[in-house]
1. For the range 54-76, which positions are under 20 Å from residue 8 (Cα atoms) and either in a loop (DSSP other than H, G, I, E, B) or in contact with a helix residue (DSSP H, G or I) (Cβ under 9 Å, 6 or more places away or on another chain) (or both)?
2. Determine, yes or no, whether residue 51 is at pLDDT below 90, part of a strand (DSSP E or B) and under 22 Å from residue 84 (Cα atoms).
3. Can you tell me which residue in the range 1-15 is modelled with the lowest pLDDT, limited to those that are hydroxyl-bearing (Ser, Thr, Tyr) and surrounded by fewer than 11 Cβ atoms within 10 Å (Cβ to Cβ)?
4. Looking at the range 69-80 only, could you name the residues that are surrounded by 12 or more Cβ atoms within 10 Å (Cβ to Cβ) and either touching a residue at least 60 places away in the same chain (Cβ under 8 Å) or over 11 Å from the mean Cα position of the chain (by Cα) (or both)?
5. Answer yes if at least one residue in the range 19-36 is assigned to a strand (DSSP E or B), surrounded by fewer than 13 Cβ atoms within 10 Å (Cβ to Cβ) and touching a Phe, Trp or Tyr at 6+ places or on another chain (Cβ under 8 Å), and no otherwise.
6. Collect the residues in the range 47-60 that are touching a residue at least 12 places away in the same chain (Cβ under 8 Å) and either in contact with a His (Cβ under 9 Å, 6 or more places away or on another chain) or exposed (fewer than 12 other Cβ atoms within 10 Å of the Cβ) (or both), keeping them in residue-number order.
Amino acid sequence: MTAVALLFSIYQVKPSPFCVLDELDAPLDESNINRFTAVLKRFLDHSQFVVITHNKRTISMADVLYGVTMQERGVSKIVSVRFNKEEGTAVPAGEPANIADAVRGTRAMEGSVNTGQ
């Protein structure tokens, strides 16, 4: 949690419009996950975050969820869900053709990527 605090203190002095956090919450326990998400919410007015996580509590605060699944051997598929916080519902956000489209949040028709495995 000390590293997270240091990161956000630097971010508070000089915020960025965009931030990528790769499994920053992985070593945290439940009480520190709650603290992490509370701090993250304070920065949402100033910045957009891409958070890579496996933690369900961190995922629950997202507006859009992108995931990669393997429906058949050697073929990865990107799936996306847009959350409607007011209604408490989730709807498919379209099928991005590649990771760049997924990050930008654009919709594309092609969803499968052959990984050659």
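The values are calculated or read from the model by the stated rules, or taken from the named source; none is laboratory data. Quantities reported herein were computed from a predicted structural model and do not represent experimental measurements. As a convention, Cβ positions derive from the backbone with ideal geometry for all residues, glycine included, and neighbour counts pool all protein chains shown.
1. Narrowing the range 54-76 to residues under 20 Å from residue 8 (Cα atoms): 55, 57-59, 61-62.
If the condition is that a residue be under 20 Å from residue 8 (Cα atoms) and either in a loop (DSSP other than H, G, I, E, B) or in contact with a helix residue (DSSP H, G or I) (Cβ under 9 Å, 6 or more places away or on another chain) (or both), then 55, 57, 58, 61, 62 are the ones that fit.
2. On the way: at pLDDT below 90: no; part of a strand (DSSP E or B): yes; under 22 Å from residue 84 (Cα atoms): yes.
For residue 51, the condition - at pLDDT below 90, part of a strand (DSSP E or B) and under 22 Å from residue 84 (Cα atoms) - is not met.
3. Restricting attention to the range 1-15, the residues satisfying the condition of being hydroxyl-bearing (Ser, Thr, Tyr) are 2, 9, 11.
Then keep just the ones that are surrounded by fewer than 11 Cβ atoms within 10 Å (Cβ to Cβ); that gives 2, 9.
Working: 2: 81, 9: 88.
Among them, the one singled out is 2.
4. Going residue by residue through the range 69-80, those that are surrounded by 12 or more Cβ atoms within 10 Å (Cβ to Cβ) are 75-80.
The answer is 75, 76, 77, 78, 79.
5. Keep residues of the range 19-36 that are assigned to a strand (DSSP E or B), which gives 19-22.
Next, only the ones that are surrounded by fewer than 13 Cβ atoms within 10 Å (Cβ to Cβ) stay: 20, 22.
Right, trim to touching a Phe, Trp or Tyr at 6+ places or on another chain (Cβ under 8 Å) and you get 20.
Checking the range 19-36: at least one residue is assigned to a strand (DSSP E or B), surrounded by fewer than 13 Cβ atoms within 10 Å (Cβ to Cβ) and touching a Phe, Trp or Tyr at 6+ places or on another chain (Cβ under 8 Å).
6. So the first thing to find is which residues in the range 47-60 are touching a residue at least 12 places away in the same chain (Cβ under 8 Å), and the list is 47-55, 57-58.
Matches in the range 47-60: 54 only.
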